[in-house]
Amino acid sequence: MKNTVLFASLLAACAMVLGSCSEEDEARFAVFSDFNYRVVMPDGAEVASPDWAPLLPGCYPDPSIVRVGGDYYLVNSSFAFFPGVPIWHSNDLREWERLGYVLNRREQLDLPDSLRISGGIYAPDISYNPANETFYVITTLVDNGGTFYVTSKDPKSGRWSDPVWLPEVGGIDPSILFDTDGKAYIVNNDRAPGEPLYEGHCSIRLHDFDWRTGKVVGEETVLVDGGVDISKKPGWIEGPHLYHVGDKYYLMCAEGGTEFNHSEVLFESTDPKGPYKPCRINPILTQRSLDPSRPDPVSCTGHADLVEDQEGNWWAVFLGVRPYDSAGNDIMGRETFIHPVSWRGGQPVITDADEVLVGRAQREFESSLWADGKLSPYAFFIRNPQGDFYGVNEDGTLNLKASEIALRDRKSPSAIGIWATENSFDLGVTLDDFTPESTSDIAGLLLYQDDECNVVFGKTLNSYGDAVARVVARSKNGYHVEFEEKLSDSSAPLRLQIRADGEGHYSFRFAEGDGEYRDMPQTVDASILSKLTACNFTGTMIGLYASSAEI
C-alpha cells in the first residue's frame, strides 16, 4: 500500500550510514536485509469472506469510523507505541489503505520511559464537523496527560494539529457527536458517580463541547450509572458513542470488560442529555455464551462504532480476538471486524443472540519492514524512539544501532516492528553484518508483547567467546529459557527464521551464508506472549532488535 504519511523528518533524525561511523562504532551496528513476514494458508484451509474475516488483521483494537461523502476513515488504539493512532482510508468498506499515523510527531505524543505498554493511547474516536469542514480525533493519553484532541482538514495529507488538552474530561474513551443543530457533545467513561458499589462500577458522562473555542463548557451530565441493569453489577461500561438518528439519540457502549464477557449495549433518549433507557434488545453484540472450543472462534467482541454507507445501509466495526486454543490464548491481540447492522423495533442490532462469528485468514500475503528507502507505513517503535538509531541505506539494507537499553528496562530499545496478523506465519531476515564483542551484544529477530514477555533470536557470543545463534525467551512469573547453536563462520551472513505453527508454538532455524538451514534444539510456547499471560491490551510485535545490554 502506498505510504501517504511522510516519515522524512523521523528518518532524517534517525538516519545512520555505516560509512560515517568510526571503527569502534561500526561493531555496534547490525546490518539487515531481506526482512520478510509471510502468511501462508494451510492446505485445504477455507478462505473467509470479508464478513467473517477480520477487517484489519493484527493488533488494531477499539475501532472508530466516520464517513464523509464517499470516503471512510478509521482509527485504532496504539497504547505505548510510536507513532500513535493508526489511520486507514476506504471507499467501499472492504479495501483499506493505510495512511500511516495521526500522532506522528514527538510534540503530539509523549511516551516517557517506564510507561507501561498498556498505557498510552486508548480508544481514539474520529469524527467530522461539517460546520468547519474539519476532522477531529479525540483520545486519552493514559498515565501521562489525559484527554486531548487533534484536528485536520485532510486526513490523507498526514498533517494533524498539536494536541488540545481537555482537563475537564476525565476517565477514558472520549468521543464527539457533532449534532445537526451545530452543537457538539463529548461522551466518555469515568468513575462511578458516587462510592463504587462493586469492582468495575463506572459511568458514562456527557460534556458540552464548544468547537468554535475548542473548549468544554458547562457542567458534565451522568448519562449511565453502572450499565444496562445496575442490580446485576455490570462491569466496565466504556467506549461510548453517541448517534442522532431520526428523532432519537442512541448511546452505544461496551459492557463487561474487554475479555470473554465483553459485549456491546445500547441506550436511547429523545434528548442528547437524557434521560437514557436501555433499548429492548441488549446486548446487541457478544460471543460470551458460546462454546470456546468451536472452530475458528472470534471472542471478546465489543467496543463498536456504527457508520451509515451511501446507500443507507448501516455497518458496525468492533474488536474481537482470534484465539488459537480453547483457553483463549492468542498471538494477534484484539483486531478490527466488520458486520452489517439491522434495525429492529426502532434500534440497531449488530448480531443475533448466539450468532457465531468465525475468524479465518483472508488470503496469503507477504510484508516487509522497509522498502524504497523508507520504513513501511505499518512500522512502529516501543515508546518514543531514542534519536538516531536506525537508517535505510542506498543498497536497500537497514542498519540498527545496538543500544545499551535492554527490553526489560521499560525504555525505548533499539527495535522496529509491525504487528503479527495471523496465528500461523513465517518471519525471516538476513543479518548481513554484526560483530558481537561480548555476551551482552545481540542482534536479530524480535517477538514482543511487553518489557517482560518477549523472545529474541539472534547472533551473540557464548561464555567462551564463540559466535552463536541464540534464542532468549522471557515471560511473567520468572519464566526464562535460553538455547543456542554454535556458528562455524562468525563472519558469514546469518539467515534467521521464526515460524508460528498456528497451534501455539514458535520454532527457530538459521543458516550461515548460502548453507542449509539448521533447526534450533527447542521450540517456545506462544502462550508466554499471549495477552492473557501478559495481562495486556496488545498483540505481538514482530521485527528487529539490537542491544549491547543483557536482554
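Key figures
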item: Accessible surface of the chain, 1.4 Å probe, proportion on carbon and sulfur as whole %; result: 46 percent
item: Normalised contact order of the chain, rounded percent, pairs of Cα under 8 Å and 6 or more residues apart; result: 17 percent
item: Residues of segment 441-473 with amide N under 13 Å of a point placed 7 Å along Cα→Cβ from K486; result: 462-469
item: Rounded accessible area per residue of the chain, 1.4 Å, Å²; result: 39 Å²
item: Mean ellipticity per residue at 222 nm, deg cm²/dmol - from DSSP H runs of n ≥ 4 across the chain, formula -39500 (n - 2.57); result: -500 deg cm²/dmol
item: Between segment 265-335 and segment 490-504, the Cα center-to-center distance that results, in Å; result: 37 Å
item: Percentage relative contact order, segment 240-325, counting C-alpha pairs under 8 Å, at least six apart; result: 24 percent
item: Overall form of segment 134-247 per C-alpha gyration tensor (a/c, 1.5; a/b vs b/c); result: prolate
item: Qualifying GluC sites (Glu not before Pro) for segment 334-389 [loop in DSSP, other Cβ within 10 Å: at most 14]; result: E355, E364
item: Cα shape, segment 30-171, gyration tensor, a/c 1.5 rule; result: oblate
item: Estimated Rh, segment 405-517: Kirkwood, alpha-carbon pairs, angstrom; result: 14.8 Å
item: Segment K248-C535, extension gain: residue separation times 0.36 nm, minus the distance between their alpha carbons; result: 99.5 nm
item: Rounded to whole Hz, the Karplus (6.51, -1.76, 1.60) HN-Hα couplings of segment 88-100, x for glycine and proline; result: 10, 9, 8, 10, 9, 6, 10, 9, 10, 9, 7, 8, x
item: Cα gyration tensor shape of the chain, rounded if a/c is under 1.5, else prolate or oblate by comparing a/b with b/c; result: prolate
item: Which listed pairs, of K401/K531; K232/K277; K476/K531; K401/K476; K156/K374, have C-alpha distances above 23 Å, in listed order; result: K401/K531; K401/K476
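The values are calculated or read from the model by the stated rules, or taken from the named source; none is laboratory data. Being a predicted model, the structure only gives us computed values, none of them experimental. Cβ atoms come from the backbone with ideal geometry, glycine included; neighbour counts cover every protein chain shown. Remember, those area values only see protein heavy atoms, side chains included, never the ligands or the DNA or RNA. Shrake-Rupley method; radii C 1.70, N 1.55, O 1.52, S 1.80 Å.
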